[in-house]
Amino acid sequence: MAESKNNDDTKIVKELQKELLANLDILETLLEELQKEENSENRKNILATQLQRLNEFERRYSNEPWFAEVKRVFDRLENPTELDNINFETEFNYVERTRKEILEMDDKEKVSISLKVSVSLKVGEAKQQRDVGRSIARMDSETMKVLGVTVGDVVEIIGKKSTAAKAWPAYPEDQGLRLIRIDGFIRKNCDISINEFVTVKKAEAEYAASVKLAPVDIRISVDNDFIRFVKDRLIDRPATRGDTLLITMLGHSVPFNVVETVPDGIIKTGPSTVLSIDPLPISDIEEREAHKRRFRFRRLKEVEEKYAADETWFYTPDPEGGEPKYRSMDESEIIKVAKSVARSEDKIIEIRVELFERRGNIEPEGFKWAEVSPSGKVRYMYPDEWHSSISD
């Protein structure tokens, strides 16, 4: 029996090592392509082609001790303004040291501490209507044993995107088929189709401090009784931001989009979770946010014209008063960097705007533009005279 377990563990280690090394190969190839390309814009385009997959790799394993070296590479790549300053020899060394550490691992716990093992399963349709909208994923007993999960434990399901569900036992006829049966909402949440394969692993889901929902395609009336009704039906259901969740009310099923969670990642709704529901459908919310963005940049354009600025830069101030470490003319780039720093340092990161004209900086201090919290929430901090015109 002990020998069988040792063989199983060895197989698990080999599978994990194969997956990890394959991702390191992709990262190394990306670095090689960036090294060959001298044009900054072309480098950004090259980065965009592979970064989504690599970001998933980072998100899954960034807490592992062996990831420390290669994390420095990811930190550099996540700040596009640093692309022209990369010391590629150093980055290749980080990758190689990580590769060596993975190859020398001979124990399952060393290979992966927080994410012990993952399996690849073929996607099947939910067999019965009662499974639809309950956030459950049916798997055979052998798969659940390998993953180390029991009925009701949360698993992460990774397709083109990532989502979460509760592990549930497979039907007798599905035993041994390496199949995962999930409904259309879970398939949509991980962007996968029937007969495709997903990666599944045990997940740790913490109870959220707050969750914000919005109906997918209808307007609704929201009051405290309605919020309590919805919350009761969400207790202990796993979710991630962007997921669609089905709520049954008065004989009708209403899909809701998870607009925001605090913290980010896989969460569950608990008794102390603060739930808020926007009465507008998600399409209207997205249009509302787009309108706010357009208005913000119209006002910023007016400020640029007022000061005859030639350039506008977004930056995060150095806490010690030195030169800003991160600066960009692209707001989305600096927000991405600020989110990464806020998460890693567990503190609010300020973003400011500075205006330049050919002779130098117009306003040395610039003005405050936004704050980014460790949970990833962006709170815009407009100049005082803007507040009457823009509502958050």
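Derivation of every value follows stated rules applied to the coordinates shown; laboratory data play no part. Predicted, not measured: the structure shown is a model, and the values here were computed from it. Positions of Cβ are backbone-derived with ideal geometry, glycine not excepted, and every protein chain shown enters the neighbour counts.
What list of ³J(HN,Hα) values in whole Hz, one per residue of region 249-254 in order, does the Karplus curve 6.51 cos²θ - 1.76 cosθ + 1.60 (θ = phi - 60°) give from phi, with Gly and Pro shown as x?
Taking θ as phi minus 60°, the curve returns 9, 6, x, 10, 9, 10 Hz for region 249-254.
For region 206-282, what does the alpha-carbon gyration tensor say about shape, rounded, prolate or oblate, given a ≥ b ≥ c as the root eigenvalues, a/c under 1.5 as rounded, and a/b over b/c as prolate? Mind dumping the intermediate values first?
Values: a/c = 1.63, a/b = 1.39, b/c = 1.17.
The shape class here is prolate.
How big is the gap, in Å, between the Cα center of region 269-285 and the Cα center of region 301-315?
So the separation of the two Cα centres works out to 36 Å.
Please label the shape of region 118-202 as rounded, prolate or oblate, based on the square roots a ≥ b ≥ c of the eigenvalues of the alpha-carbon gyration tensor (a/c under 1.5 means rounded; beyond that, a/b larger than b/c means prolate, else oblate).
Values: a/c = 1.32, a/b = 1.14, b/c = 1.16.
Cα axes put region 118-202 in the rounded bin.
Give me the extension gain from Phe88 to Phe197: residue separation times 0.36 nm, minus the current Cα-Cα distance, reported in nm with one decimal.
Working: separation 109, 0.36 × 109 = 39.24 nm, distance 3.49 nm.
Working it through step by step, the gained length comes to 35.7 nm.
Give me the distance in nm between label points sitting 7 Å out from Cα along the Cα-to-Cβ direction at Glu345 and Ala68, one decimal.
Here the answer is 2.1 nm between the modelled labels.
What does DSSP give for region 206-282 in terms of the percent of beta bridges that are antiparallel, rounded to the nearest 5?
On the way: 14 of 21 bridges.
The answer is about 65 percent antiparallel.
Grab region 207-302 and count how many Lys pairs have their alpha-carbon atoms under 21 Å apart, sequence gap of 8 or more, or different chains.
5
Can you classify region 246-383 as rounded, prolate or oblate using the Cα gyration tensor, where a ≥ b ≥ c are the square roots of its eigenvalues, rounded means a/c under 1.5, and otherwise it's prolate if a/b beats b/c and oblate if not? All intermediate terms of the calculation are to be shown ahead of the outcome.
Values: a/c = 3.74, a/b = 1.82, b/c = 2.05.
Judged from the Cα gyration tensor, region 246-383 comes out oblate (a/c at least 1.5, b/c at or above a/b).
Please work out the FRET efficiency for the pair Lys160 and Glu302, using the Cβ-Cβ distance as r and a Förster radius of 30 Å; give the result to the nearest 0.05.
Numbers: r = 41 Å, r/R0 = 1.35.
Given R0 = 30 Å and the Cβ-Cβ separation, E is 0.15.
Evaluate E = 1/(1 + (r/R0)^6) for Val222 and Glu37, where r is the Cβ-Cβ distance and R0 equals 56 Å; express this FRET efficiency to the nearest 0.05.
Details: r = 51 Å, r/R0 = 0.91.
E(calc), rounded to 0.05, equals 0.65.
Can you list the lysines whose alpha carbon is less than 18 Å from that of Lys100, not counting same-chain residues fewer than 8 positions off?
In chain and number order, the partners are Lys14, Lys18, Lys71, Lys108, Lys110.
Within the set Lys36/Lys347; Lys201/Lys325; Lys166/Lys377; Lys127/Lys339, which residue pairs have Cα atoms separated by over 30 Å?
Values: Lys36/Lys347 37 Å; Lys201/Lys325 37 Å; Lys166/Lys377 27 Å; Lys127/Lys339 40 Å.
The pairs that break the limit, which is 30 Å between Cα atoms, are Lys36/Lys347; Lys201/Lys325; Lys127/Lys339.
Just order 322-333, 221-232, 369-380 by mean Cβ neighbour count inside 10 Å, highest at the front, would you? If you can, show how the numbers build up before the last one.
On the way: 322-333: 14.6, 221-232: 12.4, 369-380: 17.8.
With the highest mean Cβ count within 10 Å placed first, the list reads 369-380, 322-333, 221-232.
Assuming R0 = 22 Å, what is the FRET efficiency of Ala48 and Met329, from their Cβ-Cβ distance, to the nearest 0.05?
Calculated value: 0.80.
What fraction of the DSSP beta bridges in region 118-202 is antiparallel, stated in percent and rounded to the nearest 5?
Working: 15 of 23 bridges.
Here the share of antiparallel DSSP bridges comes out near 65 percent.
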